[in-house]
Structures are given as C-alpha cells and as structure tokens.
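Input: a single structure, listed below in structure tokens.
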Amino acid sequence: MAQAWKCAGLRWAADGPVLTWVGGRRSALVRGKRVAFGVAEGGVRTCVGARGHACPVRAGVSGRSTGARCEECARLDRAHSVAADTMADDPRPYRVYLAWFGPGLVKVGITAYERGSARLLEQGAVCFSWLGCGPLMAARRTEELLRAALGVPDCIPYAHKRAVRAALPESEVERAAEIAGLHARAVALGGWPEALTPEPFGGVDHAGVFGIAGAERGPAAVAEVAELVAGGAIGGELVAAAGPDLHLATERGVVVLDTRLMTGWELVSAEGEPCAVPLRELKRAAGVQDGLF
C-alpha cells in the first residue's frame, strides 16, 4: 500500500513555493515539474485543528472548505489572530501595504515586519508597495483610515484574483500604476497615527515569480478544482503558482488547484493517473477570451 502523507499547506520560501507536510517533510515546487497525487478510496477529510493543536474530536470537514477546520477549531483559530484584533499587546513592528491583484483589485493590509514580503506572496499579490511601519495598533488604525477615506478593501476573494490573471498588463509600470496612485493619495491624507513611520512608494512585482506575465506566462487556465474526493486524483505539469494556487497542465487543460483544499486529506502518489476530481469552469473577468479558442 502506498505511503500516505498529510499536507500542511503551501508556503512561500525565498526560492519559491513549497508544499509542507505534517511531520516536517517539504516538497519544493518548480515550474515544469510534474505534481501528482490522489486520495485513497474510503479516505475522509478531517479537521486540521487550531493554533498547532489537533482537533480533539477529529471532526470531518467538507471537501470544498478552504479552511479545513470544524466550527469550534475555526473559532479558536480566529480568536487568537491579528485579524481579530485580539493581540493588541503584540510588541512586534508591523507594516501597512497596498497590494494589487489585477485591474481594479487593490487591497490594504498589514503584516509583521519580520515576515518581509511572505504575506504578499501567500496572498498572490501581483505587485505591492509598503505604506508605513510602526506598532500593531498604529498599523491597524492606518489600515482603517485608508479603508474609510479611499474606499480600499482589506480582503479580495480568491475567485476574483483568479479571474483576472489571464488579462494582466504586460509591463511592470502598468501593473504598478493603480497602487502608485493610491499610495500618493494615502500619504496626502491627514490623520495618520504619529507612531507610524511612512515609507516611500516602491513597487515590488511578483508576476515573473508566479509565472503569470511576460515571457514567464504559461497557458491560460480553463478550470479550477472544486474539491478533492475519496478515490480522486489530479496530476499535471506546474506552469504557474500564485498565492495558494497551482496552475497544472493536465489532459483536461490547465487547471487551478487551491492547495488549501489539500489540507486534512491523506494523500498518496498518483503518477500517470488521469485527472479525476470535480472541476468547475474558471470564471473570467469581462473581456478575457477563453484560452481554448
């Protein structure tokens, strides 16, 4: 019987994306490499727990859940996160950023200074710029100020990010134009917390790193994995990776796999097996031609 591994999620390292596995194993993801795995017959997806602790009841979770947590573990995980504003005494410095995911898709957010740009890679930000740095609550107040004054959201659904990847502007200057304009408007606002030190605009572009623009661009995706299922398998050449998404060239065309759907399953090698998981058509932004024609 093939050895089974539990996926612990995708992480972005200095040299690219890495799949991590429970127990410490890591699998580097290199474009052009074949990625293939399956779920054993009779497999069940179980809750991944919260804050490093296993789910006490090993609750089953939906195959379509990107969080892979039961209600109780999801509540516990959220209750101890920066996003929930329950860590006001965190002494670490934080940075405020503007991130661009495609035409019209810009968000404001914060990340711990020590993490560098890892958070932006994990979210699939095509380009970004820092806005300022300071204590957590000063960073949080600045984030709220920009949301209210400029109408910039702090969250963009992944479905929207995927929809525009086939229609990104070709040049880095074009891709950075929206956040450059918003950065200028942001620094001109009054009411910034005194504890936050503003940072000049400096666009950082990830399109080449992801493989979704210019000479690095692979074929356009035509579908996305809806969920993994017991007995199902997927395999293909990795042509791009952005945030948690892997773009795999399969016999059914390029398919986007959100690696968050992998957590909670016990997975086995599936070399040579056909793509046999539920797929759905990938929604496209207006004006983006289907890659099949």
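Among the residues of segment 204-220, count how many are in contact with a helix residue (DSSP H, G or I) (Cβ under 7 Å, 6 or more places away or on another chain) and within 22 Å of VAL18 (Cα to Cα).
Looking only at that region, the number is 7.
Does THR250 qualify as being out of contact with any Phe, Trp or Tyr (no Cβ under 6 Å at 6 or more places or on another chain), within 21 Å of ALA28 (Cα to Cα), open to solvent by 10 Å² or more (accessible area, probe 1.4 Å) and part of a loop (DSSP other than H, G, I, E, B)?
No, not satisfied.
Got at least one residue in segment 4-13 being exposed (fewer than 11 other Cβ atoms within 10 Å of the Cβ) and out of contact with any Cys (no Cβ under 7 Å at 6 or more places or on another chain)? Working first, answer last.
Looking only at segment 4-13, we keep the residues that are exposed (fewer than 11 other Cβ atoms within 10 Å of the Cβ), and these are none.
No, segment 4-13 contains no residue that is exposed (fewer than 11 other Cβ atoms within 10 Å of the Cβ) and out of contact with any Cys (no Cβ under 7 Å at 6 or more places or on another chain).
This table checks each residue for (1) in a helix (DSSP H, G or I); (2) in contact (Cβ under 8 Å) with a residue 60 or more places away in the chain; (3) buried (at least 17 other Cβ atoms within 10 Å of the Cβ).
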site: GLY202; (1), (2), (3): no, yes, no
site: GLY208; (1), (2), (3): yes, no, no
site: GLU224; (1), (2), (3): no, yes, yes
site: LEU228; (1), (2), (3): no, yes, yes
site: GLY231; (1), (2), (3): no, yes, no
site: GLY235; (1), (2), (3): no, yes, yes
site: LEU238; (1), (2), (3): no, yes, yes
site: LEU246; (1), (2), (3): no, yes, yes
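Filter segment 14-33 for residues that are part of a strand (DSSP E or B) and of a type in the set (A, V, I, L, M, F, W, C); which is surrounded by the most Cβ atoms within 10 Å (Cβ to Cβ)?
Keep residues of segment 14-33 that are part of a strand (DSSP E or B), which gives 16-21, 26-28.
From the residues that got through so far, the ones that are of a type in the set (A, V, I, L, M, F, W, C) too are 18-19, 21, 28.
Numbers: VAL18: 14, LEU19: 21, TRP21: 15, ALA28: 11.
Among those that are part of a strand (DSSP E or B) and of a type in the set (A, V, I, L, M, F, W, C), it is LEU19.
Just name the residue that is surrounded by the most Cβ atoms within 10 Å (Cβ to Cβ) out of those in segment 157-187 that are under 17 Å from the mean Cα position of the chain (by Cα) and of a type outside the set (Gly, Ala, Ser).
That would be ARG165.
Just one of the numbered conditions (1) over 30 Å from GLY116 (Cα atoms); (2) at pLDDT below 95 is not true of LEU228; which one?
The failed condition is (2).
Restricting attention to segment 113-138, which residues are within 21 Å of GLY9 (Cα to Cα) and either open to solvent by less than 10 Å² (accessible area, probe 1.4 Å) or in contact with a Gly (Cβ under 8 Å, 6 or more places away or on another chain) (or both)?
Of everything in segment 113-138, those that are within 21 Å of GLY9 (Cα to Cα) and either open to solvent by less than 10 Å² (accessible area, probe 1.4 Å) or in contact with a Gly (Cβ under 8 Å, 6 or more places away or on another chain) (or both) turn out to be ARG119, LEU120, LEU121, GLU122, GLN123, GLY124, ALA125, VAL126.
Just one of (1) surrounded by fewer than 16 Cβ atoms within 10 Å (Cβ to Cβ); (2) in a loop (DSSP other than H, G, I, E, B); (3) basic (Lys, Arg) trips up ARG75, so point out which.
For ARG75, the failing item is (2).
Take segment 112-137 and flag every residue that is within 14 Å of LEU196 (Cα to Cα) and assigned to a strand (DSSP E or B).
Correct list: ALA112, TRP130, LEU131, GLY132, CYS133, GLY134, PRO135.
The values are calculated or read from the model by the stated rules, or taken from the named source; none is laboratory data. Given the structure is predicted, the values throughout are model-derived calculations rather than measurements. Cβ sites come from the backbone with ideal geometry, for glycine too, and all protein chains shown count toward neighbours. Calculation scope for accessible area: heavy atoms of the full protein, side chains included, ligands and nucleic acids excluded. Shrake-Rupley method; radii C 1.70, N 1.55, O 1.52, S 1.80 Å.
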